[in-house]
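Undergrad: I have a structure here, written as structure tokens, and I will follow up with some questions on it.
A short reminder: the numbers here are calculations on the coordinates, not readings from a lab. If you're wondering where the values come from, they're calculated on a predicted model, not measured in any experiment. All Cβ positions, even for glycine, are placed from backbone atoms using ideal geometry, and neighbour counts span all protein chains on display.
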Amino acid sequence: MGNYDALLILSFGGPEGPDDVMPFLENVVRGRGVPRARLEEVARHYLEAGGVSPINRQNRDLIAALRPTLDIPVYWGNRNWAPYGEDVVRQMRDDGVRTAAVFATSAFAGYSSCRQYYEDIARISLPGGPELVKLGHYGDRPGFVTAMAERVRDAYDRLGRADARLVFTAHSIPLRHATGAYESELRHSAELVNRALGREPGDWDLVWQSRSGPPQVPWLEPDICDHLRKLDGPPAVVIAPLGFVSDHMEVVYDLDTEARQVAGELGLAMERAATVGVHPAFVAMVGELLAEPEPEPCSTETCPQV
């Protein structure tokens with residue numbers, strides 16, 4: 001697998017039980033001035049789901065799917081909760097790893113979705129190695145596109161409505177951070193998935209979810225729930241969380257709870273497509289990335305600094 005001694009899955013992290021929820025959220029927002037009331041609101045979302053983030057299980061599932069396909073060891077570290085990236089890199093050094101590829105569980109350009117992972121790598125790197133090499137964006141890779149298209153097709157089959165409107169979602173970000181390639185990469189990926197489904201060009205919407213900032217700060221819009229309220233056409237919709245590779249709590253709450261409630265109030269038949277998760281095409285794509293030459297780091301024009 002290229003010149004790498006190991007693969008590090010670098011992810012966001014999430015609580016493993018009710019006692020972890022508030023400390024985890026405090027890690028996520030440290031230094032950002034998020035009001036306590038907002039943290040308590042989000043904490044309720046986690047606690048209603050048992051205090052466990054689904055992202056951890058899906059990362060473990062991804063590692064289990066990858067290990068039989070690779071001839072190098074696979075490690076897992078997080079930004080905001082155990083196993084912390086810095087602890088895992090220390091273990092990698094003790095294990096004799098010299099150069100490791102870093103696969104971020106975020107497919108697209110942007111600050112939080114890419115640049116911050118470079119910052120993580122700089123923060124967790126240790127004297128004497130291992131050297132950590134972040135792999136590139138993959139939202140346009142055939143493995144990602146194929147996996148997402150099949151997840152969407154499965155959702156259409158469950159809904160039984162071929163005329164349902166296809167609505168892709170991604171995490172909203174403040175407009176001041178939306179100066180790079182985040183939105184353009186998402187739109188390109190959406191069209192590739194749409195094409196893989198054999199649909200007419202442009203026969204989809206891209207909208208946003210999971211806004212968390214103060215109301216006076218403009219973020220990417222429209223929000224998924226606002227979009228559903230204004231949707232014209234047949235009374236059916238398939239929502240596809242294109243901007244997520246696994247079921248973050250944002251996917252579970254914002255789509256499976258809030259958006260589904262709004263759809264029900266509107267009499268709108270709704271089905272949510274799964275994330276790519278451990279789809280075989282997505283798992284194979286990781287191996288393909290490892291076999292390629294070392295990628296050039298992203299420019300600040302593509303993935304801006306904040």
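Undergrad: Provide the per-residue ³J(HN,Hα) series for the stretch 257-265, in order, calculated from phi with Karplus coefficients 6.51, -1.76, 1.60 and θ = phi - 60°, each as a whole number of Hz, with x at glycine and proline positions.
TA: Per residue, the Karplus-derived 3J(HN,Hα) values read 9, 5, 5, 5, 5, 4, 4, x, 5 Hz.
Undergrad: Mind running the shape call on the stretch 87-156? Use the C-alpha gyration tensor, a ≥ b ≥ c as the square roots of the eigenvalues: rounded below 1.5 for a/c, prolate if a/b tops b/c, oblate otherwise.
TA: Working: a/c = 3.26, a/b = 2.25, b/c = 1.45.
It comes out prolate by the Cα gyration axes.
Undergrad: If you project the alpha carbons of the stretch 142-272 onto their three principal axes, what span does each projection cover, largest first, in Å?
TA: 40, 36, 26
Undergrad: Placing +1 at every Lys and Arg Cβ and -1 at every Asp and Glu Cβ, with all other atoms neutral, what dipole size does the stretch 142-272 have around its Cα centre, in debye to the nearest 20? Before the final figure, lay out each step's value.
TA: Working: 14 positive and 21 negative charges, 17 e Å.
Once rounded to the nearest 20, the dipole reads 80 debye.
Undergrad: Sticking with the crude label model, points 7 Å out along Cα→Cβ, report the distance from Leu175 to Ala122 in nm, one decimal please.
TA: 2.9
Undergrad: Evaluated at 10 °C with a viscosity of 1.306 mPa s, what Stokes-Einstein diffusion coefficient in µm²/s does the stretch 5-149 have when Rh comes from the Kirkwood expression over alpha-carbon pairs?
TA: Numbers: Rh = 16.4 Å.
After rounding, the answer is 97 µm²/s.
Undergrad: Every cysteine in the chain with no other Cys Cβ under 4.7 Å from its Cβ, please list them in numeric order.
TA: Cys225
Undergrad: In angstroms, what radius of gyration and Dmax does the chain have, counting Cα atoms only?
TA: Values for the chain (Cα only, Rg and Dmax): 19.1, 60 Å.
Undergrad: So, one more: Could you give the length gained by full extension between Ser112 and Arg60, i.e. 0.36 nm per residue of separation minus their alpha carbon distance, to one decimal place? Don't skip to the end; give the middle numbers.
TA: Working: separation 52, 0.36 × 52 = 18.72 nm, distance 2.20 nm.
The Ser112-Arg60 span can extend by a further 16.5 nm.
Undergrad: Compare the Cα positions of Ala65, Ser11, Leu159 along the charge dipole of the chain (+1 at Cβ of Lys, Arg; -1 at Cβ of Asp, Glu; about the Cα centre) and return the one farthest towards the positive end.
TA: Ser11
Undergrad: Give, in nm to one decimal, the length gained when the segment between Arg187 and Thr99 is fully stretched (0.36 nm per residue of separation minus the Cα-Cα distance). Provide the component values of the computation, followed by the final result.
TA: Working: separation 88, 0.36 × 88 = 31.68 nm, distance 3.35 nm.
Stretched fully, the Arg187-Thr99 segment lengthens by 28.3 nm.
Undergrad: Under the rule of at least 5 residues apart or a separate chain, name every residue whose amide H is placed under 5 Å from the amide H of Glu131.
TA: Thr99, Ala100
Undergrad: Taking the Cα centre of the chain as the origin, how large is its charge dipole in debye, to the nearest 20, when only Lys and Arg (+1) and Asp and Glu (-1) carry charge on their Cβ atoms?
TA: Details: 30 positive and 44 negative charges, 48 e Å.
So the magnitude is around 240 debye.
Undergrad: Still on this structure, I have one more. Compare the Cα positions of Val217, Ser189, Gly139 along the charge dipole of the chain (+1 at Cβ of Lys, Arg; -1 at Cβ of Asp, Glu; about the Cα centre) and return the one farthest towards the positive end.
TA: Final value for the positive-end residue is Val217.
Undergrad: Near the amide H of Ala104, under 5 Å away, which other amide H atoms are found, from residues 5 or more places off or on another chain, if H is placed in the peptide plane?
TA: Leu10, Leu135
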